[in-house]
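Okay, so here's the structure we're looking at.
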Amino acid sequence: MALPVYALHENPEWFPPFARAFAAEGIEVQEWLLTDGVLDLDEAPPEGIFWSRISASSHTRGNTLSKDYARAVLAWLEAHGRRTVNGRRVLELEMSKVDQLTALRAAGIETPRTVAAVGRSQILAAAKEFPVPFILKHNQGGKGLGVRKFESHGELADYVASEEFEEPQDGITLVQEYIQAAEPFITRVELVGGEFIYAIRADTARGGFQLCPADACAIDPVTGKPVLPPGATIAPEPDTQLFSLREGFDHPLIGAYQEFARRMNLEVCGIEFIESADGRLLTYDVNTNTNYNAAVEADAPVSAPRALAAYLGRLAGES
């Protein structure tokens, strides 16, 4: 008899595509919403397969407890030998771009020049040797949090001293080289269970620095209109798609990402890279709570949510 599958998450708006995929695969999934709750450490966890998709941006939805609640739950599950997918170690990777970039570099994958400033007072010192333009971003990111482009060090000094300054959730701000793309798009490679599913192309002219593929990210919940993200150079229109399938994508980076995922025990992820105007391929983001885009899914030869549901179903059956 197959074990039950549990989905640990904090954002119900992102879950419907996965619920439909589990239903299509005939697999029952139980949602475990990690916003607040009680955890009895004297009890053993239930049997099951526990898939974590806690997001680094959870605090932007008022779920400030989710990160640490997930840490506690995953520690508890793994201490009892339960099978987790994207478990405790992967949660730390999701929460820290420093962790992501250092792990990518250790795996031999090229990343952008980056300096981490711990504390607001250290940002100017961290940026002093960067040529302009450069960008700031939050170490605990998601949805392009805190990403801003600066054309001068004076502009940065004014921003850091102003009331507009966005304090990062963990106090760590990254200063990073601005990458001039050869063409205005980035590529995101989706992996499930070590297998390459597909690659997507994301329009940076319209999407800017906030390239969340979930349908819920595209519309402002207050105005009901398409979001104009920071860094975008073309205003979005209601029927414009930021994401498309990158057909025929076959590159050695796929193998490098698969090996990276294996090393990190990262079973579900979307890894993003940019092709620079000076000929580099720079990997800059690892998404461990990956969402999938409906327009891409409509054109893709295989459904990523269904591949994920099937993978978790196999684990449940094997266990």
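The values are calculated or read from the model by the stated rules, or taken from the named source; none is laboratory data. All values reported here derive from a predicted model rather than from experimental measurement. Quick reminder, even Gly has a Cβ in these numbers, built from the backbone with ideal geometry, and neighbours come from all protein chains shown.
Hey, can you tell me all the residues within the stretch 186-208 that are of a type outside the set (V, I, T), farther than 12 Å from L245 by Cα, crowded, with 19+ Cβ neighbours inside 10 Å and at pLDDT below 95?
If the condition is that a residue be of a type outside the set (V, I, T), farther than 12 Å from L245 by Cα, crowded, with 19+ Cβ neighbours inside 10 Å and at pLDDT below 95, then R206, G207, G208 are the ones that fit.
Among (1) within 25 Å of A2 (Cβ to Cβ); (2) in contact with a Ser or Thr (Cβ under 9 Å, 6 or more places away or on another chain), there is one condition S58 misses while meeting the rest; what is its number?
Of everything listed in (1) within 25 Å of A2 (Cβ to Cβ); (2) in contact with a Ser or Thr (Cβ under 9 Å, 6 or more places away or on another chain), S58 misses just condition (1).
Would the stretch 287-307 turn up any residue that is surrounded by 15 or more Cβ atoms within 10 Å (Cβ to Cβ) and touching a His at 6+ places or on another chain (Cβ under 8 Å)?
Scanning the stretch 287-307, I find at least one residue that is surrounded by 15 or more Cβ atoms within 10 Å (Cβ to Cβ) and touching a His at 6+ places or on another chain (Cβ under 8 Å), so the answer is yes.
Within the stretch 62-78, is there a residue that is closer than 15 Å to L308 by Cα and under 20 Å from the mean Cα position of the chain (by Cα)?
no
Quick one: which residue in A70, A117 is assigned to a strand (DSSP E or B), touching a strand residue (DSSP E or B) at 6+ places or on another chain (Cβ under 8 Å), in contact (Cβ under 8 Å) with a residue 40 or more places away in the chain and surrounded by 15 or more Cβ atoms within 10 Å (Cβ to Cβ)?
A117 is the lone residue from the list that is assigned to a strand (DSSP E or B), touching a strand residue (DSSP E or B) at 6+ places or on another chain (Cβ under 8 Å), in contact (Cβ under 8 Å) with a residue 40 or more places away in the chain and surrounded by 15 or more Cβ atoms within 10 Å (Cβ to Cβ).
Please enumerate the residues belonging to the stretch 12-34 that are out of contact with any helix residue (DSSP H, G or I) (no Cβ under 6 Å at 6 or more places or on another chain) and under 18 Å from R71 (Cβ atoms).
Selection gives W32, L33.
Let's see how each residue does on (1) surrounded by 18 or more Cβ atoms within 10 Å (Cβ to Cβ); (2) among the hydrophobic types (A, V, I, L, M, F, W, C); (3) on the phi > 0 side of the Ramachandran plot:
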position: N11; (1), (2), (3): yes, no, no
position: P16; (1), (2), (3): no, no, no
position: A19; (1), (2), (3): no, yes, no
position: A23; (1), (2), (3): no, yes, no
position: Q30; (1), (2), (3): no, no, no
position: D42; (1), (2), (3): no, no, no
position: W51; (1), (2), (3): yes, yes, no
position: I54; (1), (2), (3): yes, yes, no
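Look through the stretch 77-99, keep the residues that are part of a helix (DSSP H, G or I) and among the charged types (D, E, K, R), and return whichever of them is nearest to G279 (Cα to Cα).
This residue is K97.
Could you give me the residue pairs with C-beta distances under 8 Å whose first residue belongs to the stretch 182-195 and is of a type outside the set (G, A, S), whose second residue is loosely packed, with under 13 Cβ neighbours inside 10 Å wherever it lies, and which are 6+ apart or on separate chains?
P184/T233
Of all residues in the stretch 97-109 being in contact with a helix residue (DSSP H, G or I) (Cβ under 9 Å, 6 or more places away or on another chain) and surrounded by 14 or more Cβ atoms within 10 Å (Cβ to Cβ), which is nearest to R280 (Cα to Cα)?
Step by step, filter the stretch 97-109, then rank; the result is I109.
Output the number of the condition that L253 fails; it satisfies all remaining conditions of (1) modelled with pLDDT of 95 or more; (2) under 27 Å from F134 (Cα atoms); (3) in contact with a Gly (Cβ under 9 Å, 6 or more places away or on another chain).
Only one criterion is unmet by L253, namely (3).
Which one of these is farther than 18 Å from E155 by Cα, part of a helix (DSSP H, G or I) and of a type outside the set (A, V, I, L, M, F, W, C): T102, T111?
Among T102, T111, only T102 is farther than 18 Å from E155 by Cα, part of a helix (DSSP H, G or I) and of a type outside the set (A, V, I, L, M, F, W, C).
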